[in-house]
Amino acid sequence: ILYDVTHDNFIFEKNADKQFPPASITKVLTALLVLEHAKLTDTVTYSKTAVTNLESGAVTLQLQEGDKVSVKDSLYGLMLKSANEVANGLAEHVGGSLKGFSDMMNAKAKELGCTNSNFVNPNGLNNSEHYTTARDMARITAEAFKNDTFREITSTASYKFPATKVAKARTISMGHKMIYKSNASYYSGILGGKTGYTSKAGNTLVTCVERDGVRMVAVILKSNGTHYTDTKALFDYGFALAKADMLTEEASV
């Protein structure tokens, strides 16, 4: 789906209300809730549940039970590295438990007008009860990008993550290719976004771009490797329309 946030208009859609597993773009909603309910200076103490409640092969920052990391550093670990135990730790910090946080996720989604989603974890790891739609994710992503700190985090190419029990301080990098000017996928005006992948979800991608005062969000679900080219095509189409509308308005003045 392509959503013109500025004019609250869905410009293009295909299977936009079909339910799919979102994979790690789930973390957009997780980050939004954390930013709304926690201070950046808060300390997250990682529990055994947080660091072990993961599926085999899940991306992590190798945090251990008892590791203490600030909310700010944790959010960078969440959005740049897509660390799944970080999502769990943040969820427990804000929601008291993974279930408590999932309830908050669903309440927030409903508040934003989402009607076809159900979230049961903060990271997007495979679960048959965890699903969303392109339309719902567009609304969630648009809301997240209203937040200054969220925009700052998701437009950051690299960040120094602090030392933990088993790892020295290290530099982590953003997984979304479109923010790198040196990358062929770079898109001018990008504010940020989030990648996702699991075997069941395929490639998922949310991206926010703003040009000439018009902000748009593109959402790709269940892609098989074409998520960046599809996103670029959507934005090219949307901004060409926006430019044409602008010229029409100027001509009629």
If you take Kirkwood radius over Cα pairs in Å from the coordinates, which of (i) 20.6; (ii) 19.9; (iii) 18.3 do you get?
(iii)
Among the listed pairs Lys81/Lys181; Lys72/Lys243; Lys39/Lys108; Lys18/Lys181, which are separated by more than 30 Å between their Cα atoms?
Lys72/Lys243; Lys18/Lys181
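Expressed in nm to one decimal, what extension gain is obtained for the pair Arg170 and Tyr237 from 0.36 nm per residue of sequence separation less their Cα-Cα distance?
20.2 nm
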From phi via Karplus (6.51, -1.76, 1.60), per-residue ³J(HN,Hα) for the stretch 63-75 in Hz, x at Gly/Pro:
5, 10, 3, x, 4, 10, 9, 5, 4, 4, 4, 4, 5
Put a dot 7 Å past each Cα toward the Cβ at Ala163 and Glu129; how far apart are the dots in nm?
4.2 nm
Separation in nanometres of the label points that stand 7 Å from Cα toward Cβ, at Glu210 and Val59:
2.5 nm
For the stretch 197-212, in order, what is each residue's ³J(HN,Hα) by Karplus, 6.51 cos²θ - 1.76 cosθ + 1.60 with θ = phi - 60°, in whole Hz (x at glycine and Pro)?
7, 9, 4, 7, 7, x, 7, 10, 7, 10, 9, 10, 10, 10, 9, 6
Name the residue from Ser155, Tyr197, Cys208 whose Cα lies farthest towards the positive end of the charge dipole of the stretch 145-224, charges +1 on Cβ of Lys and Arg and -1 on Cβ of Asp and Glu.
Tyr197
Given pairs Lys68/Lys110; Lys14/Lys222; Lys99/Lys168 and cut-off 22 Å on Cα-Cα distance, the over-length ones are Lys68/Lys110; Lys99/Lys168
Angle check, please: helix 26-37 long axis (alpha carbons) against the longest principal axis of the chain (alpha carbons), in degrees 0 to 90, nearest 10.
70 degrees
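Could you give the accessible area per residue of the chain, probe 1.4 Å, as a whole number in Å²?
45 Å²
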Magnitude of the Cβ-charge dipole (Lys and Arg +1, Asp and Glu -1) of the stretch 110-170 about the Cα centre, nearest 20 debye, reported as 380 debye
Of the accessible area of the stretch 126-253, with the probe set at 1.4 angstrom, what percent is carbon plus sulfur?
49 percent
Quick one: helix 227-252 against the long Cα principal axis of the chain, what's the angle to the nearest 10°, folded into 0 to 90?
40 degrees
Provide the FRET efficiency to the nearest 0.05 for the Lys14-Lys99 pair, computing r from the beta carbons and using R0 = 45 Å.
0.85
Charge dipole (debye, nearest 20) of the chain; +1 at Cβ of Lys and Arg, -1 at Cβ of Asp and Glu:
840 debye
Rounded tilt (10° steps) of 134-144 against the dominant C-alpha axis of the chain:
70 degrees
I'd like the trypsin sites (Lys or Arg not before Pro) in the stretch 109-162 restricted to DSSP loop residues with at most 12 other Cβ atoms within 10 Å, sorted by number.
Lys146
If you take the beta carbon distance between Glu249 and Arg151 as r and set R0 to 30 Å, what does 1/(1 + (r/R0)^6) give as a FRET efficiency, to the nearest 0.05?
0.65
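The values are calculated or read from the model by the stated rules, or taken from the named source; none is laboratory data. Note that the structure is predicted; figures quoted are calculated from it, not measured. Virtual Cβ from ideal backbone geometry, glycine too; neighbours counted across all protein chains shown. Heads up: the accessible areas ignore ligands, DNA and RNA and are worked out on the full protein's heavy atoms, side chains in. Shrake-Rupley method; radii C 1.70, N 1.55, O 1.52, S 1.80 Å.
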